[in-house]
Every structure is written in C-alpha cells, then in structure tokens.
Amino acid sequence: MRIGKYLFLSIIIIMGLLVSFNVLAVEKYKIGVPMPFTGDGAMYGEVAKEGLRIALNEINTRGNIEIELVYHDDEAIPANAAIVANRLSMDKDIIAVLGHFNSSCSLAGAPVYAEHNLVMLSPCSSALKLTRMGLNNVFRIIATDDILSKQMADFVWDRLDIKKAAVVCENSDFGRGLANGFIDQFEKRGGSISAFETYVPNVDKDFNPLITKFKATDAEILVVLGVYVEASLITRAAGNLGYKVPVIGGSGIYNPEFLEIATPEFAEGAISFTYFLTDYPDLETQRFIELYRTAYSKDPIDVPANYYDGIHAIARAIELGGTTREKLLEILPTIEFKGATGLIKFDENHDCSEKIIMKATVKDGNWVAIPD
Amino acid sequence: MDNTSLSHFVQVTINGLSMGCVYALVAVGYGMVYGILNMINFAHGEIYMFGAYIAYSALVCKMGLFSSILLSLFFCGVLGVTVERLAYKPLREASRIAPALTAMAVALLIRSAVMIIWGSSPIMFPQVINNKPIILNNNIRFYPLQFSIIFVTIVIWVFSLWLFKYTKIGKAIRAVSQDRNTAWLMGIDADKIVSIVYLYGSILAAIAGFLIANYYILLFPLMGFLGTIRAWTAAVLGGIGKLSGAVIGGLLIGLVESFAMTYISTAYKDVIIFIVLIIILLVMPRGLLKGRGQKV
C-alpha cells in the first residue's frame, strides 16, 4: 500500500510540474544569423555578435518570448551564402533570418529564402537591387545606397565645393552600387569624374599603383567606397605617396580600425557617411551606446547597432503574433519603433528609407560628427 | 615625354619592381622545391603566412627585430621539415598527384590552425622597419622597404645560385633532383637532402613572410594562398624549376601589373597578366628560361 501511495503522490507531483512548466514556459523561436565569421569580414561578425548579445538579453528577460540564434558562417562569399541559405531554409525550426551582411551574399540568399517563405532581414546590405527584385520576404534595417551616395555627391559639390573627383570602389554589389549612385549624381550636378577604378575586396592589398594613377589626374577628392580594410590601406598609400586630397567614404570607414591602419596622420580630415554615430544625441542611441560600453568597454560602430535593431524588429513582430514563417511575413512590414539607429519603419520597398544619414570626420585622431 | 609624365613613369616602375620582388621572393622558394623534387608544394604559402604570424607575436611580446626574425625562421624551418617527414616522405614512391593533394591538405591544416590561434580578422603588423618615404621630387617617392625587398631578393637569388653551383651540398641536391636512386647508390643520403631542401625552402618562406607582412601592413590567414597564386604564375612564366626564372618571372609580373593598373585599368589587371602569360607560353612553351617544360 505504501508503495502505491508514493506512486500516487509522485504522479501528482510530476503532473503538477508538467502543468506548471507548460504555463511558465515561454515559446522559443530560432532565428538564423548568416554572416562572415572568418575572412576579412570576420571583424564585423564579431562586433555583430556583441550587439546581438545585448539585444538577446533584453528580449529574453522581457519574458514574452525566448529567442535562440543559429549562427552560420558565409565567409562573405556569395556561393557560400547560397549554401548557408539552403541549410537555414531546410531547418523548419528557423522562423526568420537576420542577414546576410554583405550585399552580394544577401542577393545570393534572398531567392532561396523567398522559396521557403522565410523573412530575410538584412542589417547592413545596402545594394539597391536587393529590395527591388520583387521578393516580398526581403527587408533591411538601413536605407539603400543610392540615397547615401546621392547625399555624398551633393555634400562634395555643395559643402566642399569640389568639382572633380577620383572614385575607387570594391568590385562587389555594395561597392558598385555606391559608386554608380555617386557618379550619377555628381555628374548630374555638373561635376566630373577624373578617374574611376575598382579593386578586389579581400585580395588586393597593394594600392601604390592605384594612388600613382590618381596622382596623375586633376581630382580634388578621393572617394573610397568599400569597407575599412582596403579603405584604410588606400588612405595610407595616398599619404605615403604624398597625394594630398581629402578622403571621403561610406559607413565602412567609420571605424576606429580605419584610424589605426591608415595612421592618424593620414586619416586626419577623412569624412564618412554613416547611419550611426556615437555622437548622435538621440535617447535610444545613447542608451544602446551606454549598454555596449558597459559590456565591452569600447565604442560601438554601426554594425552592432544595426544587428541590435534587426533582432528587436523580428522579436517585436513575433510578439505581435508572427509565430510562423508565414505570419511573420505579414506582421514584420507593420513594425515601427525607435531603435539604436533611429526610426525602424519599413517603406513599400521594405527599406528603412526614413533613417537619417549622418556625417563624421576625423579630427585630432578621433571620429567626430559634422554638424549640418 | 615631359618631365611630369617621365617621373610618373619612374614611379610606376618602382611600384612594379617592388611588387614584382614580393612575387619573386615567394616564387624562389616555391620554384626551388618544385625544381628539385618535382612536387608542387601548395603548403609553401601557408608556411610564409605562418612565419609572418610568428614574427608578429614575437614583436608584440617586445622582442627585438632580429630575434623575432630568427624565431620565425626557426619555427618555419621546424614546420617545413615536420610536414615533409609526416606528410610527404611516406608518399615518395606514390604517383605524382598524391603528394600534391597531401600538400593542399597540409595547407588547409596550417591555415585553420593559424585561424584558431590568431583569429581570422586582419591584424595590423607592427611597423618595425623605418618606412618613411624617400622623396626624390613630388612625383617620385619610394619606401626603404621597397628597396629592402628588392635587395633581399637579389641576395637570396645570388646566394642560392652559389649554393647550388659551388658547394658540396648543392651538388648533392642537384644529384638527387636528377636521379634519386642513382644518388643513393653514389652514397648520398637522399632523405637527408630532401629534408634540407624543405628546410631551406621554409627559411626562404619565413624571410618572405616577414618582409611582405611589413610591406602589406596587414596580416590575414589567406595571404599565403593568395601569394602563391602569383608566385606560381611567376615560376611558370620564368621557366619552371629555374631559380633565375622565378626572379625574372616575378619581376615581369609585377611590372605588368603595375603598368596595367596605372595605364589601363585596375579591374582588368588579372586579365592582362594572364594574357601576357598565355602569349609568352605560346611563344616559349617552357617559359622564358626554358624550364622543365616537358613535365609541366
């Protein structure tokens, strides 16, 4: 009899536990994060993870849902991105994808996700084409690079009063998109392009011939459209070869590493157009920067902030009922909130086109904001 | 040609020569191993990359310039000989394709190990060699580093020529390269000679790695692989297996690249380099210095 009594008691306890677990358990959702963790883009993978960790902590302690991130390395190579996209799409537990990082990789992955009704929210890919392919699953947390490059061209023409530019871009969808936008707008305004060259990202490292070529032209500004690795080497080569023109670039060069590799002496006066500035006085931005500084004791660049906003956008959509791949596709476009990088609100193309583009320059070896 | 475009031309030549010497420096070690052992050592580039990382770590630990280089030479030598003993020696009698594939696997292993130890993002190499540009006039500038690369390449070239031609060990190496079995019969310890060749090749790789890391400023795990593509092209162009061919091929490729980038287009420089390679191989199938054409 005693055994029966214990058995009965334990069954009740177990059942009670099961019930209470069911009540307490929050739904768990998996989100795929494909981006470069090796190769030249590895530094971006690392800082993106830092931003994601802060966001994940906030979302999971809020307690409405629980999010688990599944990281995949696409090595910034489009062919690998397509493979990763297939793996993520096949995994039925993955509800959304936050990525890819590089425009070329996003372009390779997007059609694959579209076939599987999987939301792809890219935090950093700026190539215009990405949201103009007629795929309704593609979103991005930033504006397109034609907006940024047009503003850059206007700035060079109006504010710097420069009429001749030398342009160098990385030979990728990202670099080419920025360069085409800049050249179109600059020529429309009446400026002329003295030279236009490209380099292979992750491969070309010797830019002395490039600068030697630019030096023979009459350009008054050097427009570098790529990420910090090559942009800083180009700036450094320009300094070494005595090519004294101002350097201007996109968000890729707003990075402390740029100062270190290009050396503060040659980086002085360089201008960056970016969606994220540590000087920006917005409350949400400053709150994120404070959290980031406490966690990692350094200043964030734009990438972790974009990933922070990206994962929050997806989490909000899930909380509002986007609990399956299909439902998420319906709810994500309606999301609107103030994030670390400004207003997160998707327009009819699924771009955050209302985001403010900011300008920074290197002054006394530090990035500081340029007032409007 | 007016004065400005002349000095521009001189600058382009200097750029090309220093790039070319970088390729030649790698190609000398790469081509030497091929010339003697008839085996493409795909791991050569990884060894020079490894050497650069070792030198980086030594410099970060505040070791002096020379002790850092020596440390890097030592580690690369040990790595080269170990790889030879463990991965290539058991395959000496196998078909020619087997050791080449093993070399690729070894290259992958070394690259992954470097990624695990030092991480995969690019690292800035401490600037230990004074690299303030020497200014001739506003349009001609060169770095002391460019000249040290050219200088070291010439020293290595001359030293290797002397080593192979006039020393006892050089003669033994040439004997092994011509016919290993007969060399055995003549009392030459061929296994030892092969090890020495790898040791020497790895040391050359370490020197190249140190200079190139200084020249490119950045260290990244793919630098070895990318370096060997150009170096291999240089070796083929100059005549495979020929020491002087590697140097001449490297210089030629550097010059073609520099002139193509400056006077034609940066985007098509690789196309132009390979067009030059194809033309030269069509006219001289064994390369500029008539290397071992029949075996390529």
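For the reader, a short list of remarks on this structure follows.
- Residues located in segment B:124-153, provided they are without any contact (Cβ under 8 Å) to a residue 60 or more places away in the chain, out of contact with any strand residue (DSSP E or B) (no Cβ under 9 Å at 6 or more places or on another chain) and more than 10 Å from chain A (Cβ to nearest Cβ): B:130, B:151
- Residues located in segment A:185-242, provided they are assigned to a strand (DSSP E or B), facing chain B (nearest Cβ under 9 Å) and not polar (S, T, N, Q): A:197, A:199
- Residue in segment B:245-260 that is modelled with pLDDT of 90 or more, over 15 Å from the mean Cα position of the chain (by Cα) and open to solvent by 40 Å² or more (accessible area, probe 1.4 Å) present: yes
- In segment B:174-194, the residues that are closer than 19 Å to residue B:32 by Cα reach residues that are among the acidic types (Asp, Glu) and part of a helix (DSSP H, G or I) with C-beta atoms within less than 7 angstrom, at least six apart or across chains, in these pairs: B:194/B:84.
- Unique residue being assigned to a helix (DSSP H, G or I), within 10 Å of chain A (Cβ to nearest Cβ) and touching a residue at least 12 places away in the same chain (Cβ under 8 Å) when the list is B:19, B:32: B:19
- When B:212, B:253, B:229, B:217 are screened for being on the phi > 0 side of the Ramachandran plot and hydrophobic (A, V, I, L, M, F, W, C), only B:217 passes.
- Selection of segment B:130-186 for residues being open to solvent by 90 Å² or more (accessible area, probe 1.4 Å) and touching a Lys or Arg at 6+ places or on another chain (Cβ under 8 Å) yields only B:135.
- Boolean, residue B:115 is surrounded by 15 or more Cβ atoms within 10 Å (Cβ to Cβ), farther than 24 Å from residue A:205 by Cβ and of a type outside the set (Lys, Arg): no
- Segment B:91-112 - residue that is among the aliphatic types (A, V, I, L, M) and open to solvent by 40 Å² or more (accessible area, probe 1.4 Å) and, of those, farthest from the other protein chains (Cβ to nearest Cβ): B:94
- Segment A:96-117, residues that are in contact with a Lys or Arg (Cβ under 9 Å, 6 or more places away or on another chain) and either surrounded by fewer than 24 Cβ atoms within 10 Å (Cβ to Cβ) or free of Cβ contacts under 8 Å to residues at least 60 places away in the same chain (or both): A:106, A:107, A:116, A:117
- Filtered residue count, segment B:262-274, keeping only those that are assigned to a helix (DSSP H, G or I), surrounded by 20 or more Cβ atoms within 10 Å (Cβ to Cβ) and over 22 Å from the mean Cα position of the chain (by Cα): 1
The values are calculated or read from the model by the stated rules, or taken from the named source; none is laboratory data. Only a predicted model underlies this, so the values are computations on that prediction, with no experimental measurement involved. As a convention, Cβ positions derive from the backbone with ideal geometry for all residues, glycine included, and neighbour counts pool all protein chains shown. Only protein heavy atoms, including side chains, enter the accessible area calculation; ligands, DNA and RNA are left aside. Shrake-Rupley method; radii C 1.70, N 1.55, O 1.52, S 1.80 Å.
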